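In what follows, a structure is listed as structure tokens, so that the remarks can point back to it.
The values are calculated or read from the model by the stated rules, or taken from the named source; none is laboratory data. Predicted model only: the values in this text are computed from it and were never measured. Virtual Cβ from ideal backbone geometry, glycine too; neighbours counted across all protein chains shown.
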Amino acid sequence: MPRLSEVIAALENLWPAQRAESWDAVGTVVGDPDQEVTRVLFAVDPVQEIVDEAVKLGADLLVTHHPLYLRGTTTVAATHFKGRVVHTLIKNDIALHVAHTNADTADPGVSDALAGALDLRVTGPLVPDPTDPEGRRGLGRVCALDTPLTVREFAARAAERLPATAQGIRVAGDPEALLRTVAVSGGSGDSLFDHVRAAGVDAFLTADLRHHPVSEFTAAVASRPLALLDAAHWATEWPWCELAASQLDEISDRHGWDLRVHVSKTVTDPWTAHAASAHPSPATALPTSASRPPSSSDPLGAPN
Ligand SMILES: [Zn+2]
């Protein structure tokens, strides 16, 4: 039976803390290095619901993608929801370890898991890590579709393959445009727009896209169709939990640790319901060209 320090060393080998962004807070948040580990739970968010699940499961270690504390704190009093998480963890001898931006850029990392869930063939990172001589690590992934799909078909695939959320998948662009290459980035990806443009892909799937960045991005690429697909942040990162769990399983087998590794299926996306508009939007009303925004692929519409 391994000690926490041995399991953490294995996790650090997969996602070295020094590869995290400077603003990030990764590594072990709670835990005694000498405690023994038999059961591990992977989840996206270190929220009370997940910690309660870890207690019920009898887990000794919870590994999450999102940090519990991103900035400094002066209290872990249980009067605050984060302090309550710390209390529950310590009272139940459960360690908490975080792999965030160091897991995003890893090979394989968060966006590889997302690409895998969507049945995409990864051809390389969207923003390569210059310190990786093999050019495999980095933010986001550029992928190929071995069988081209329309934006509409690809959105339907994403809605089906990613874990279900209230949001589903939102699309910006011509639903009938054909996709051969797609960039993906788990989590908030609008800071990568310049790289997406430079990659020359047909679409970008990420999360947390907002009105102004999307509006400006679509205007800037008007001469060439480039669709944006927006999924729930949690749903784009959850596939990593399964990937990470299988990596730890393999390490456990190699060391004869006999760890029990679990992935939480609890949906911690904060959005809980979705009301569809009463009237179809211009995009869903296709193929009525009169109600469709002009695009370069539309012979009836003037390029804008
Ligand atoms: Zn995230």
Practice task
Take the residues in the stretch 178-194 that are in contact (Cβ under 8 Å) with a residue 40 or more places away in the chain and of a type outside the set (Val, Ile, Thr), then tell me which one is surrounded by the most Cβ atoms within 10 Å (Cβ to Cβ).
Solution key: 186
Problem - Residue check, residue 43 surrounded by 21 or more Cβ atoms within 10 Å (Cβ to Cβ) and in contact with a strand residue (DSSP E or B) (Cβ under 6 Å, 6 or more places away or on another chain) - result: yes
Problem - Top-ranked residue in the stretch 18-38 [being charged (D, E, K, R) and surrounded by fewer than 16 Cβ atoms within 10 Å (Cβ to Cβ); ranked as modelled with the lowest pLDDT] - result: 21
Practice task
Could you tell me whether any residue of the stretch 212-234 is within 12 Å of the ligand (Cβ to nearest atom), surrounded by fewer than 23 Cβ atoms within 10 Å (Cβ to Cβ) and either within 21 Å of the chain's Cα centre (by Cα) or not charged (D, E, K, R) (or both)?
Solution key: no
Exercise for the section: Determine whether the stretch 137-146 contains at least one residue that is outside any loop (DSSP other than H, G, I, E, B), modelled with pLDDT of 95 or more and on the phi > 0 side of the Ramachandran plot. Expected result: yes
Exercise for the section: Hey, could you check the stretch 51-61 for residues that are of a type outside the set (Lys, Arg) and surrounded by fewer than 23 Cβ atoms within 10 Å (Cβ to Cβ) and say which is farthest from the ligand (Cβ to nearest atom)? Expected result: 58
Handout entry: Breaking point among (1) part of a helix (DSSP H, G or I); (2) touching a residue at least 40 places away in the same chain (Cβ under 8 Å); (3) within 22 Å of residue 162 (Cβ to Cβ), for residue 218
Key = (3)
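Within the stretch 147-178, count every residue that is in a strand (DSSP E or B) and either aliphatic (A, V, I, L, M) or touching a His at 6+ places or on another chain (Cβ under 9 Å) (or both). Please lay out each step first, then the result.
Of the stretch 147-178, the ones in a strand (DSSP E or B) are 147-150, 170-172, 178.
Subsequent filtering for residues that are either aliphatic (A, V, I, L, M) or touching a His at 6+ places or on another chain (Cβ under 9 Å) (or both) retains 149, 171-172, 178.
Counting residues in the stretch 147-178 that are in a strand (DSSP E or B) and either aliphatic (A, V, I, L, M) or touching a His at 6+ places or on another chain (Cβ under 9 Å) (or both) gives 4.
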Exercise for the section: Output the residue which, of all residues in the stretch 157-191 that are over 11 Å from residue 229 (Cα atoms) and hydrophobic (A, V, I, L, M, F, W, C), is nearest to the ligand (Cβ to nearest atom). Expected result: 162
Practice task
Kindly indicate the residue of the stretch 1-38 that is more than 25 Å from the chain's Cα centre (by Cα) and in a strand (DSSP E or B) and also farthest from residue 105 (Cα to Cα) among those meeting that condition.
Solution key: 36
Practice task
Please state which of the following conditions residue 204 fails to meet, knowing it meets all the rest: (1) more than 30 Å from residue 37 (Cα to Cα); (2) free of Cβ contacts under 8 Å to residues at least 12 places away in the same chain; (3) not small (Gly, Ala, Ser).
Solution key: (2)
Practice task
Test residue 116 against the stated conditions and say whether it is within 15 Å of the chain's Cα centre (by Cα) and either among the basic types (Lys, Arg) or within 16 Å of the ligand (Cβ to nearest atom) (or both).
Solution key: no
